[in-house]
Amino acid sequence: MASIFGHSLAAIALGKTLSSELRKPTFWILGILCSIVPDADIIGFKFGVPYDSFWGHRGFTHSFLFTAFIGVVIAYLFYNTRRPLLALYCTLFTASHSILDAMSSGGRGVAFFSPFENSRFFIPWRPIQVSPIGAKRFFSELGFVVLKSEAVWIGIPFLAVFIITYFQNKNRR
């Protein structure tokens, strides 16, 4: 999996593509939360939930059905329901997590199509260094390697989105 920093950065990059009137502090907090909520499944490790099970790591909570559910629920609870675009963005924030995990170098894949199909998949191109689970393991030499990998494969695209958005907004003014 990518780290919470990488997932958050992806949500911020996606959020920058929306108009500035929608980008209030609540929007950013919810976008970042959406981008990390699929990893709530790691709690299952404490309870003996097998990695490859439906509720295991990168199982149902990483599926596109779950991401759509989270997107709709967040938009309904926190925003006017007349803004389906926000539900779509909340869904994309959440789905970005699964896509980044499928681009990482470790684990057993992502159950994109759960609960209909519980097979795990990777994207053929997997440049992101997998992040260790747990703060103690993350704040080590391996965690630094992960952050360097994310700086290249998530950070540079983020900067590109930021720069493009900046110049588009500047030209509109």
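For a paramagnetic label modelled on Asn118 (point 7 Å from Cα along Cα→Cβ), amide N atoms under 13 Å away belong, within region 58-72, to 58-61. Close amide H pairs (under 5 Å, H built 1.01 Å from N) link Val110 with Phe121, Phe122, residues at least 5 positions away or on another chain. The overall shape of region 45-173, judged from the alpha-carbon gyration tensor, is oblate: a/c is not under 1.5, and a/b is no greater than b/c. Between Lys170 and Phe47, the contour length at 0.36 nm per residue exceeds the Cα-Cα span by 39.1 nm.
If exposed means no more than 11 neighbouring beta carbons inside 10 Å and the site is in a DSSP loop, what's the longest run of the chain without any exposed chymotrypsin sites (Phe, Trp or Tyr not before Pro)? With a cap of 11 other Cβ atoms within 10 Å, the longest stretch comes to 48-115. The charge dipole of the chain, taken about its Cα centre with unit charges on the Cβ of Lys, Arg, Asp and Glu (plus for the first two, minus for the last two), comes to roughly 560 debye. Ordering Leu159, Leu92, Leu77 from the fewest to the most neighbouring beta carbons within 10 Å gives Leu77, Leu159, Leu92. Karplus-derived 3J(HN,Hα) values for region 44-54, using 6.51 cos²θ - 1.76 cosθ + 1.60 with θ = phi - 60°, are x, 4, 5, 9, x, 6, x, 3, 7, 7, 3 Hz; glycine and proline are entered as x.
Taking every C-alpha pair closer than 8 Å and separated by at least 6 residues, the mean separation divided by the residue count of the chain gives a relative contact order of 26 percent. Note on region 4-172: lysine pairs with Cα distance below 27 Å, sequence gap of 8 or more or different chains, count 6.
No value in this document is a laboratory result; all are computed from the given coordinates. Because the structure is predicted, anything quoted here is derived from the model rather than measured. All Cβ positions, glycine included, derive from the backbone under ideal geometry; neighbour counts span all protein chains shown.
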